[in-house]
Amino acid sequence: RKAEERRVARATSTMLLDRLVKEGVKGLDTLLAGMVREGEDDGSGSGGYVGVEEGGELNGALVRYLEEAIREQEQRVKRTPNVDDGNAVLGGKKPQGSSGADE
């Protein structure tokens, strides 16, 4: 059951992101409106569970999957040198003409 929840959550999040990229916020809103929330009866007799093939499911497993993905990205960012401060590019030296003071 856990592996199936992760598979559906991964597929659902991919589907949501694809729709957002291809059709923008309006397309995403349309897709979300057609999705079934956990515990809702969609009339199919499946107890509110709708596979991603039929439009996905909004549930706790999807939220947990997205939270985990966000935590992983945050940790990757923390491990990546910050190129905005110039240290990664210039080896710790200040750019010429920089006084070091914030403007």
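The values are calculated or read from the model by the stated rules, or taken from the named source; none is laboratory data. None of the values given here were measured: they were computed from a predicted structure. All Cβ positions, glycine included, derive from the backbone under ideal geometry; neighbour counts span all protein chains shown. For the accessible areas, the whole protein counts, side chains as well, though only heavy atoms, and no ligand, DNA or RNA atoms are used. Shrake-Rupley method; radii C 1.70, N 1.55, O 1.52, S 1.80 Å.
Here are the numbers for the structure shown:
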{"quantity": "Qualifying residue in segment 33-40 (condition: within 22 Å of residue 67 (Cα to Cα), open to solvent by 50 Å² or more (accessible area, probe 1.4 Å), modelled with pLDDT under 55 and part of a loop (DSSP other than H, G, I, E, B))", "calculated": "no"}
{"quantity": "Criterion: touching a helix residue (DSSP H, G or I) at 6+ places or on another chain (Cβ under 6 Å), of a type in the set (Gly, Ala, Ser) and modelled with pLDDT under 70 - qualifying residue of 27, 56, 51, 45", "calculated": "56"}
